[in-house]
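Please read the structure below before turning to the comments.
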């Protein structure tokens with residue numbers, strides 16, 4: 001029997017479909033996470049070019065603390081308290097004013113999450129730690145870009161190896177289109193990560209981040225839909241087994 005998705009046994013189809021379903025849900029959750037992190041960088045819900053610029057290049061007319069208070073942390077404190085902290089930052093973030101006005105606010109609204117025991121979050125229980133975030137916002141640090149870049153390169157490449165491997169067994173896609181769909185995620189992945197670094201250096205490269213991420217999503221959706229269609233829909237439309245060998249024809 002020729003090797004293609006429609007001819008696979010039920011157990012293999014369930015294995016492939018289970019993987020594709022879980023990955024699709026994970027991809028959707030990743031998009032939601034982006035909306036609640038980068039998508040709030042400019043203080044407005046929804047991903048925009050300004051969000052990308054603020055996330056990687058920074059809002060160099062303000063500070064990281066101010067950006068967070070107007071963005072993803074906006075709902076965590078009343079407006080009156082947020083405005084007091086923002087005004088304190090703009091007035092120079094002095095220690096005397098911190099002890100009198102700002103420390104009680106941070107203890108009430110911030111320290112429950114931003115403390116010494118909180119893994120991955122800055123400790124705002126000390127003035128020196130909080131003061132570091134009152135300086136000019138220069139976006140993502142080179143250290144954080146290095147960490148996130150290597151995680152994405154390994155993780156996403158690994159995911160698309162399996163998604164592409166399943167899609168390679170499709171028999172109804174022209175060879176040139178199939179080859180393009182399989183290689184494009186890796187090209188867009190490199191473009192996406194390279195654009196983070198370029199945007200960190202120059203805000204004009206922010207559009208490349210959108211293009212890289214969008215290209216990844218399009219390639220994933222195309223391969224996912226074709227794979228599921230050929231496993232579960234195509235066999236019902238054929239009056240005879242599919243004789244096309246997906247592996248031998250490329």
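Structure values in brief
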| quantity | calculated |
| --- | --- |
| Matching residues, segment 69-85, being within 17 Å of residue 132 (Cβ to Cβ) and either over 31 Å from the mean Cα position of the chain (by Cα) or surrounded by 18 or more Cβ atoms within 10 Å (Cβ to Cβ) (or both) | 69, 85 |
| Selection count, segment 172-190, where residues are within 15 Å of the chain's Cα centre (by Cα) and crowded, with 19+ Cβ neighbours inside 10 Å | 3 |
| Lone unmet requirement of (1) modelled with pLDDT under 95; (2) in a helix (DSSP H, G or I); (3) within 28 Å of residue 30 (Cα to Cα) for residue 154 | (1) |
| Flag if residue 165 is farther than 26 Å from residue 209 by Cβ and outside any helix (DSSP H, G or I) | no |
| Odd one out for residue 51 among (1) more than 26 Å from residue 200 (Cα to Cα); (2) surrounded by 14 or more Cβ atoms within 10 Å (Cβ to Cβ) | (1) |
| Hits in segment 162-191 - residues which are farther than 17 Å from residue 245 by Cα and free of Cβ contacts under 8 Å to residues at least 60 places away in the same chain | 180, 181, 182, 183, 184, 185, 186, 187, 188, 189, 190, 191 |
| Some residue of segment 132-139 being surrounded by 13 or more Cβ atoms within 10 Å (Cβ to Cβ) and farther than 20 Å from residue 85 by Cβ | yes |
| All positions within segment 220-249 that are out of contact with any helix residue (DSSP H, G or I) (no Cβ under 8 Å at 6 or more places or on another chain) and surrounded by fewer than 11 Cβ atoms within 10 Å (Cβ to Cβ) | 233, 236, 237, 239, 240, 248 |
| Residue 147 being assigned by TED's automatic domain parsing to the domain that holds residue 203 and out of contact with any strand residue (DSSP E or B) (no Cβ under 9 Å at 6 or more places or on another chain) | yes |
| Filtered residues of segment 199-219 (kept if part of a helix (DSSP H, G or I) and surrounded by fewer than 17 Cβ atoms within 10 Å (Cβ to Cβ)) | 201, 204, 207, 210, 211, 214, 217, 218 |
| Unique residue being under 22 Å from the mean Cα position of the chain (by Cα) and outside the structural domain of residue 158 (by TED's automatic domain parsing) when the list is 20, 47, 31 | 47 |
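Matching residues to (1) part of a loop (DSSP other than H, G, I, E, B); (2) modelled with pLDDT under 95:
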residue	(1), (2)
19	no, no
23	no, no
33	no, yes
46	yes, yes
61	yes, yes
72	yes, yes
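Quick grid of which residues meet (1) in a helix (DSSP H, G or I); (2) on the phi > 0 side of the Ramachandran plot; (3) touching a residue at least 60 places away in the same chain (Cβ under 8 Å); (4) out of contact with any helix residue (DSSP H, G or I) (no Cβ under 8 Å at 6 or more places or on another chain):
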{"residue": "52", "(1), (2), (3), (4)": "yes, no, yes, no"}
{"residue": "56", "(1), (2), (3), (4)": "yes, no, yes, no"}
{"residue": "83", "(1), (2), (3), (4)": "yes, no, no, yes"}
{"residue": "97", "(1), (2), (3), (4)": "yes, no, no, no"}
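The values are calculated or read from the model by the stated rules, or taken from the named source; none is laboratory data. The structure displayed is predicted, hence computed values, not measured ones. In this analysis, Cβ positions are derived from the backbone assuming ideal geometry, glycine residues included, and neighbour counts consider all displayed protein chains.
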